[in-house]
1. Could you put M30, M1 in order, starting from the residue whose Cβ has the fewest other Cβ atoms within 10 Å?
2. Test of the criteria: in the range 141-191, which chymotrypsin sites (Phe, Trp or Tyr not before Pro) are in a DSSP loop and have at most 15 other Cβ atoms within 10 angstrom of their Cβ?
3. Which of rounded, prolate or oblate describes the range 1-155 when judged by the alpha-carbon gyration tensor and an a/c cut-off of 1.5?
4. Note down the magnitude of the dipole of the chain about its Cα centre, charges +1 on Lys and Arg C-beta and -1 on Asp and Glu C-beta and zero elsewhere, to the nearest 20 debye.
5. Could you compute the net charge surrounding K106? Neighbours are other residues with a C-beta less than 10 Å from the C-beta of K106; K and R count +1, D and E count -1.
6. Let me confirm the definition first: pairs of Lys residues in the chain, 8 or more apart or on different chains, C-alpha distance under 25 Å. How many are there?
7. What distance in nm separates the two pseudo spin-label positions at I93 and K136, each 7 Å out from Cα along the beta-carbon direction?
8. If you add up the charges near E124, with Lys and Arg at +1 and Asp and Glu at -1, over every other residue whose beta carbon is less than 14 angstrom from its beta carbon, what do you get?
Amino acid sequence: MNYFAHPTAVIDEGCIIGDNTKIWHFSHLMPGCKIGASCNIGQNVVIASDVELGNNVKVQNNVSIYTGVTCGDDVFLGPSCVFTNVTNPRSAINRRGQYARTHVGKGATIGANATIVCGHDIGEFAFVGAGAVVTKHVLPYALVVGNPGRQIGWMSEHGHRLEFDDNGTAVCPESGIQYKIVEGAVVNLGV
């Protein structure tokens, strides 16, 4: 076992857990989930069957990740954010096996208490603000806030809001990486 699990964590048989991952108090990993290397799973987290998390994913406390969700590397899931997996749930109707899929792209951030309605992907390096309710696909590098979620800008790979000049170019203040808007999408031009 090359990972750490707090004694109160419940890890069902059949989970795949990468090296150097940490799983904290009262979390439950269900059969068949796949957790990458160097992840941090906060306390009271539920990771359902067949969920896949890439490497270096940070899952903060009280997060529920249901079947149908996959996350790329370096994803940040803020405290108490939630993923749904059925578009029209009813208690009396069993829709098990009809789960809509949601993918969170590499480097994306989902803020505290945000809700991701199933079937809507989050693009690479996108930033979903705290409390937002995502009801449609989120473009790579997009900054989305509110209920329903709406795009209000663009973010750098280092998590800074990008301010574009008249030529459609912006520079991340931390990394110096240049970005350009091309046909309604952000492109990383490098340093």
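1. M1, M30
2. When the chymotrypsin sites (Phe, Trp or Tyr not before Pro) of the range 141-191 are filtered for loop state and at most 15 Cβ neighbours within 10 Å, F164 remain.
3. Since a/c reaches 1.5 but b/c is at least a/b, the shape of the range 1-155 is classed as oblate.
4. 680
5. That sum, taken over residues with Cβ under 10 Å, equals -4.
6. 10
7. About 2.5 nm separates the two model spin labels.
8. Working: positive: K106; negative: D73, D74, D121, E157.
After counting each charged neighbour, the total is -3.
The numbers here are math on the coordinates, done by the rules we state, and not lab data. None of the values given here were measured: they were computed from a predicted structure. Note that each Cβ is placed from the backbone with ideal geometry, even for glycine, and that neighbours are counted across all protein chains shown.
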